[in-house]
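Contents: one structure, followed by commentary.
The values are calculated or read from the model by the stated rules, or taken from the named source; none is laboratory data. Because the structure is a prediction, the values reported are computed rather than measured. In this analysis, Cβ positions are derived from the backbone assuming ideal geometry, glycine residues included, and neighbour counts consider all displayed protein chains.
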Amino acid sequence: MLGAFTDQTPEWGLADLSRSLHLTKSTTLRLLGALEREGMLSRGGANGFYRLGPTVIELGARAQRFHSLPSTAHPELVRLARATGETTSLEVLIGNEILILDEVLGTHLVRRSSSIGTRWPAHAASTGKVLLAAARLGNVEPWQGAPLDIPNTLEQYTPRTITTRQKLYAELNRVAKQGYATAIGELEVGYVAIGAPVRNNAQRVVAAICVGGPSSRLTEVRIPTLAAELRQAADRISRQLGARL
């Protein structure tokens, strides 16, 4: 039904739309009502015809941001993966989870398989900590769907996973001051990840980039150097998005 609203036919009346879709008027009216309640459609003008509503505009803008983020970040992910030999990724916050939008695999023989489109719990991921820290300060774009509440008890994935809200908040405070986050064996035993924020022209955090690999390579001695390279890459992406750094 939404696909019927095109540049050529931006508005529809009930009768014409039901004929076009080969639906009864009652079925068409019921579906129109449901879409109108969700803001997908709205009625206006003297004729009361239906047109696309504000929610569709919001979704379109969100899709555009999702598509522009990977294209802007990808060259930096490639550069960072080549420089470090490790896997790099671009991730956003969706509620209490992070979503991997793009990923470049490292050059080592021992590496993870592609995880594009995968979601992970934010509290156990380096990028999740970065994004949650920004969300807690009210510094993320609303479309990221920042969580309104963190439960008192968080799911444990390894012995090192943060499992209480109190400890997570303490970690997020540290991340906000430090400018990057680490997840050392917190989501998967033996896997280390470092995350850094990406900002837009409004200085809001819109994503995070990550470099990750096995703990045998991402040692505590190497983490500060990798974190510096990661933050530089994140800053370059942010500047391309209009951030003033």
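Worth pointing out:
- Output for the range 207-245, where each listed residue is touching a residue at least 24 places away in the same chain (Cβ under 8 Å) and in a helix (DSSP H, G or I): Ile223, Leu226, Ala227, Glu229, Leu230, Arg231, Ala233, Ala234, Arg236, Ile237, Ser238, Gln240
- Of all the numbered requirements in (1) assigned to a loop (DSSP other than H, G, I, E, B); (2) among the charged types (D, E, K, R); (3) modelled with pLDDT of 95 or more, Glu171 misses one, and that requirement is (1).
- Selected residue (only one of Leu230, Leu131 is of a type in the set (A, V, I, L, M) and farther than 16 Å from Glu97 by Cα): Leu230
- Complete set of residues in the range 187-237 that are closer than 16 Å to Leu93 by Cβ and either over 22 Å from the mean Cα position of the chain (by Cα) or polar (S, T, N, Q) (or both): Asn200
Matching residues to (1) loosely packed, with under 14 Cβ neighbours inside 10 Å; (2) in a helix (DSSP H, G or I); (3) at pLDDT 95 or above; (4) not basic (Lys, Arg):
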| position | (1), (2), (3), (4) |
| --- | --- |
| Ser42 | no, no, no, yes |
| Arg51 | no, no, no, no |
| Ala61 | yes, yes, no, yes |
| Phe66 | no, yes, no, yes |
| Pro75 | no, yes, yes, yes |
| Arg79 | no, yes, yes, no |
| Ser89 | no, no, yes, yes |
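- Scanning the range 200-213 for residues that are out of contact with any helix residue (DSSP H, G or I) (no Cβ under 9 Å at 6 or more places or on another chain) and either charged (D, E, K, R) or crowded, with 17+ Cβ neighbours inside 10 Å (or both) gives no hits.
- For the criterion of being over 17 Å from Asn139 (Cβ atoms), at pLDDT 95 or above and out of contact with any Lys or Arg (no Cβ under 9 Å at 6 or more places or on another chain), Ala227 passes.
- Residue list for the range 165-199, filter: closer than 26 Å to Arg244 by Cα, of a type outside the set (Val, Ile, Thr) and buried (at least 19 other Cβ atoms within 10 Å of the Cβ): Leu172, Tyr180, Ala181, Gly195, Ala196, Pro197, Arg199
- None of Ala202, Ala227, Ala208, Ala181 is in the same structural domain as Pro121 (by TED's automatic domain parsing) and in contact with a Phe, Trp or Tyr (Cβ under 6 Å, 6 or more places away or on another chain) except Ala227.
- Annotation note: Cβ proximity below 7 Å between a residue of the range 25-48 that is in contact (Cβ under 8 Å) with a residue 60 or more places away in the chain and not assigned by TED's automatic domain parsing to the domain that holds Trp12 and a residue that is assigned to a loop (DSSP other than H, G, I, E, B) and small (Gly, Ala, Ser) (sequence gap 6+ or interchain) occurs for no pair.
- Evaluation of Thr55 against (1) among the polar types (S, T, N, Q); (2) part of a helix (DSSP H, G or I); (3) closer than 30 Å to Gly195 by Cβ; (4) touching a Gly at 6+ places or on another chain (Cβ under 7 Å) (one fails), failing number: (3)
- Top-ranked residue in the range 11-38 [being among the acidic types (Asp, Glu) and in a helix (DSSP H, G or I); ranked as nearest to Ile57 (Cα to Cα)]: Glu36
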